[in-house]
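Input: a single structure, listed below in structure tokens.
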Amino acid sequence: MKYLTAVYEKVAMDPRLRFFGGVRLGTDVKIEDLRARYDQIVYAVGCESDRKMGIPGEELDGSFSATEFVGWYNGHPDHRHRTFDLSCENVAVVGIGNVAMDVTRLLACDPERLAKTDIADYALEALRKSKVKTVWLLGRRGPAEAAYSPVEIEEFGKLVGCDLVIKPQEAVVTEVSRLDKADANDKKKVAYVVEHAKKGEGTQARKIRLRYCVSPVEIIGEGGKITAVKLEKNELVDDGKGGAKCVGIKEYETIPAGLILRSVGYRGIPITGVAFDEKSGHIPHVDGRVTLGGAPLPGEYVVGWAKRGPSGLIGTNRADSVLTVQSMLADLKDGKLPSGQIDAAPESATKLLSSRGVAVVSYAQWKKIDELERSRGAKQGKIREKFTTIEDMVAALSVAA
């Protein structure tokens, strides 16, 4: 990650790049404003919205998306105001992808091991007071289909003061999972699960109970607050496409939970004026070229999760971006850019934002905020102490000026 940070900083210092921070697309600047000033536009807006489970009780107090929880403990200004009741002994995390694994690890680890990280101070204090003893990690398919990496599952087994508990009868792989055709990573994580399941309950005070082939079908509550989650057991069957899908078998059980965090998929948020596929939840494209009704829109491109959906990390996104850039270069060479006149003057965008009263944060100012956060953290023996509101960031810049 340090290497990547250095690469990004080198790019940011290139005189051909200008950074406009604190600018809200669709509010401070419209897509039409960008089209009038740039030959090519790249949408790298990700998948900011989470998918809901669509089950009874999901509206009860104590039901959140895992991304809201991540934003809260990371000090994101949009989520720092949220409150999560950690006075319960049982928390259910739905999904077994990267985000779900991060959330589970945070809830189950010793809070003092987080003290030197960049976790928000209010979140650390809440975790120190946490009464959570068991985190139920719920996957609808089996260990061979799990989205986590071998390293992530192995880290669970190394948490101090916490046992990873897996039911031996769920740590199985059937022919439909086609493990014989899986890659080395998939085989490694399955082998770990099968072996770890033999260890049983363990003796530690905290538990991560990793469950496979179960789906929440109802969130149960009392007085408007969550008390339990009803699960249906699943069976894996051939999906007809060379993979496995889960089918409920109408066998049910109920687990206790005072808080539920869902991580069952993500989708993009439509941007006014930009093509969007409501069904898939991302921007339609062909080879990275944004399309409308199947036809490419000249000069508009997309990368990352907004392009292909919520899958993959930095390595995947890099390869994905290369393909989009190749399309951009080809269009430039072949003269397939928008035909209208644009206002390409360097000061054009700056003047527009200034006329609208937008307080733009420059890259130099962003670096100053970064420096101030690191300095604040160093005084407390931490990586950094974050500013968790936009107002605090702006105020800090004013003082430092």
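Residues checked against (1) at pLDDT below 95; (2) not assigned by TED's automatic domain parsing to the domain that holds Val286:
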site: Ser311; (1), (2): yes, no
site: Gly315; (1), (2): yes, no
site: Lys333; (1), (2): no, no
site: Ala359; (1), (2): yes, yes
site: Ser362; (1), (2): yes, yes
site: Lys368; (1), (2): no, yes
site: Leu372; (1), (2): no, yes
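Suppose the filter is surrounded by 13 or more Cβ atoms within 10 Å (Cβ to Cβ), assigned to a loop (DSSP other than H, G, I, E, B) and outside the structural domain of Leu297 (by TED's automatic domain parsing); does Pro15 pass it?
Criteria not met by Pro15.
In region 275-310, how many residues are in contact (Cβ under 8 Å) with a residue 12 or more places away in the chain and part of a loop (DSSP other than H, G, I, E, B)?
So the count comes out to 10.
Among the residues that make up region 170-184, is at least one of them in contact (Cβ under 8 Å) with a residue 60 or more places away in the chain, of a type in the set (Ser, Thr, Tyr) and not in a helix (DSSP H, G or I)?
The answer is yes, given that some residue of region 170-184 is in contact (Cβ under 8 Å) with a residue 60 or more places away in the chain, of a type in the set (Ser, Thr, Tyr) and not in a helix (DSSP H, G or I).
Would you call Ser339 within 25 Å of the chain's Cα centre (by Cα), surrounded by fewer than 18 Cβ atoms within 10 Å (Cβ to Cβ) and among the hydroxyl-bearing types (Ser, Thr, Tyr)?
No: the conditions fail for Ser339.
Among the residues of region 76-99, which ones are touching a Phe, Trp or Tyr at 6+ places or on another chain (Cβ under 8 Å) and either at positive phi or in contact (Cβ under 8 Å) with a residue 60 or more places away in the chain (or both)?
Listed by number, the residues that qualify are Arg80, Phe84, Asn90, Val91, Ala92, Val93, Ile96, Gly97, Asn98.
So in region 174-189, with the set limited to residues that are touching a helix residue (DSSP H, G or I) at 6+ places or on another chain (Cβ under 6 Å) and modelled with pLDDT of 85 or more, which one is farthest from Arg141 (Cα to Cα)?
Ranking the candidates gives Lys188 first.
Taking the stated definitions as given, is Lys207 in a strand (DSSP E or B), within 28 Å of Leu159 (Cβ to Cβ) and touching a helix residue (DSSP H, G or I) at 6+ places or on another chain (Cβ under 9 Å)? Please lay out each step first, then the result.
Details: in a strand (DSSP E or B): yes; within 28 Å of Leu159 (Cβ to Cβ): yes; touching a helix residue (DSSP H, G or I) at 6+ places or on another chain (Cβ under 9 Å): yes.
Against the criterion (in a strand (DSSP E or B), within 28 Å of Leu159 (Cβ to Cβ) and touching a helix residue (DSSP H, G or I) at 6+ places or on another chain (Cβ under 9 Å)), Lys207 qualifies.
Has region 159-172 got at least one residue that is modelled with pLDDT under 90, more than 28 Å from the chain's Cα centre (by Cα), assigned by TED's automatic domain parsing to the domain that holds Thr67 and among the hydrophobic types (A, V, I, L, M, F, W, C)?
Looking through region 159-172, at least one residue is modelled with pLDDT under 90, more than 28 Å from the chain's Cα centre (by Cα), assigned by TED's automatic domain parsing to the domain that holds Thr67 and among the hydrophobic types (A, V, I, L, M, F, W, C).
The values are calculated or read from the model by the stated rules, or taken from the named source; none is laboratory data. What you are looking at is a predicted structure, and each value in this text was computed from that prediction instead of being measured. Neighbour counts run over all protein chains shown; Cβ positions are idealised from the backbone, glycine included.
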